[in-house]
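Structure, as structure tokens:
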Amino acid sequence: MRITTPRLILRPWADADALDFASMNSDPEVMNDQGGPVSRAESDRRLERYTQAFELHGFTRWAIECGSTASFLGCAGLMSVGSEHPLGVHVEIGWRLVRKAWGRGIATEAAQAALADGFSRLRLDEILAYTSSENLRSQAVMGRLKLRRLEQRDFVRKLAGVDRHILVWAAQRK
């Protein structure tokens with residue numbers, strides 16, 4: 001399965017993506033709101049989790065590639081989150097882009113495609129998004145997606161030993 005937009009292809013992960021994914025996950029600026037860069041082994045575990053999520057649920061965080069050059073731009077999509085999370089069982093939308101892809105509307109375009117898939121193909125009623133209060137870039141994407149702020153569902157998460165205030169947003173199927 002692939003999702004296409006005017007500029008992007010959201011697609012399943014390939015073995016060849018592991019190096020690009022690890023490179024993105026080792027960038028301190030890209031990973032700032034995730035507690036900092038992660039090792040190659042941790043990056044590979046995350047990639048395996050994305051692959052398994054698709055096998056289990058039929059959705060995942062997809063690899064994003066540029067439609068015209070096939071270059072790796074990051075990932076975006078939906079993940080099922082379990083009862084151990086402060087928000088309980090839910091589906092979360094998320095994205096992460098390589099720095100060279102920042103500021104070009106790619107996160108918004110990819111996330112719009114993932115939301116559309118979640119509401120049309122998967123028939124989900126609600127999809128949550130959340131980020132740290134410091135992550136103004138992701139908050140701007142959430143605003144462009146016209147997600148609704150749910151202040152009453154905000155929570156605190158410890159990342160790299162630091163408590164971070166996490167802001168929650170939601171989209172509902174219309």
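The values are calculated or read from the model by the stated rules, or taken from the named source; none is laboratory data. In this text, all values refer to a predicted model and were calculated from it rather than measured experimentally. Don't worry about glycine lacking a Cβ; one is built from the backbone with ideal geometry, like all the others, and counts go over all protein chains shown.
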Query - Among residues of the stretch 147-174, those that are among the basic types (K, R) and without any contact (Cβ under 8 Å) to a residue 24 or more places away in the chain, counted - result: 2
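Matching residues to (1) on the phi < 0 side of the Ramachandran plot; (2) surrounded by 12 or more Cβ atoms within 10 Å (Cβ to Cβ); (3) not in a helix (DSSP H, G or I):
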{"site": "G103", "(1), (2), (3)": "no, no, yes"}
{"site": "A110", "(1), (2), (3)": "yes, yes, no"}
{"site": "A116", "(1), (2), (3)": "yes, yes, no"}
{"site": "L128", "(1), (2), (3)": "yes, yes, yes"}
{"site": "T131", "(1), (2), (3)": "yes, yes, yes"}
{"site": "V156", "(1), (2), (3)": "yes, no, yes"}
{"site": "D163", "(1), (2), (3)": "yes, no, yes"}
{"site": "V168", "(1), (2), (3)": "yes, yes, yes"}
{"site": "K174", "(1), (2), (3)": "yes, no, yes"}
Report summary line: Per the filter on the stretch 77-95, residues of a type in the set (S, T, N, Q) and assigned to a strand (DSSP E or B) are S80
Query raised in the report: Can you pull out the residues in the stretch 41-50 that are of a type outside the set (A, V, I, L, M, F, W, C) and surrounded by 14 or more Cβ atoms within 10 Å (Cβ to Cβ)?
Result: S43, D44, R46, Y50
Report summary line: Expected output for the stretch 118-131 (first residue among the hydroxyl-bearing types (S, T, Y), partner assigned to a strand (DSSP E or B) and exposed (fewer than 15 other Cβ atoms within 10 Å of the Cβ), Cβ below 9 Å, 6+ apart or cross-chain) is Y130/F155; Y130/R157
Query raised in the report: Can you name the condition, by its number, that E55 falls short on among (1) acidic (D, E); (2) touching a strand residue (DSSP E or B) at 6+ places or on another chain (Cβ under 8 Å); (3) within 23 Å of L128 (Cβ to Cβ)?
Result: (2)
Query raised in the report: Is it fair to say A63 is part of a strand (DSSP E or B), farther than 27 Å from H165 by Cβ and touching a Phe, Trp or Tyr at 6+ places or on another chain (Cβ under 6 Å)?
Result: yes
Requested in this report: Please give the number of the condition V162 fails out of (1) among the hydrophobic types (A, V, I, L, M, F, W, C); (2) at pLDDT below 95; (3) closer than 21 Å to R46 by Cα.
Outcome: (3)
Requested in this report: Tally the residues that are of a type in the set (S, T, N, Q), surrounded by fewer than 19 Cβ atoms within 10 Å (Cβ to Cβ) and either in contact with a Gly (Cβ under 7 Å, 6 or more places away or on another chain) or closer than 29 Å to E126 by Cβ (or both), restricting the search to the stretch 51-84.
Outcome: 4
**Report entry** Among residues of the stretch 71-113, those that are out of contact with any Leu (no Cβ under 8 Å at 6 or more places or on another chain), touching a residue at least 24 places away in the same chain (Cβ under 8 Å) and more than 20 Å from D33 (Cβ to Cβ), counted
**Finding:** 1
Query raised in the report: Which residue pairs have Cβ atoms under 9 Å apart, sit 6 or more places apart or on different chains, and have a first residue in the stretch 34-52 that is in a helix (DSSP H, G or I) and a second that is β-branched (V, I, T)?
Result: R45/V38; R46/V38; R49/T60; Y50/T60; T51/T60; Q52/T60
Report task. Select from the stretch 1-24 the residues that are assigned to a helix (DSSP H, G or I) and touching a residue at least 40 places away in the same chain (Cβ under 8 Å) and write down the one among them that is farthest from L97 (Cα to Cα). Result -> D17
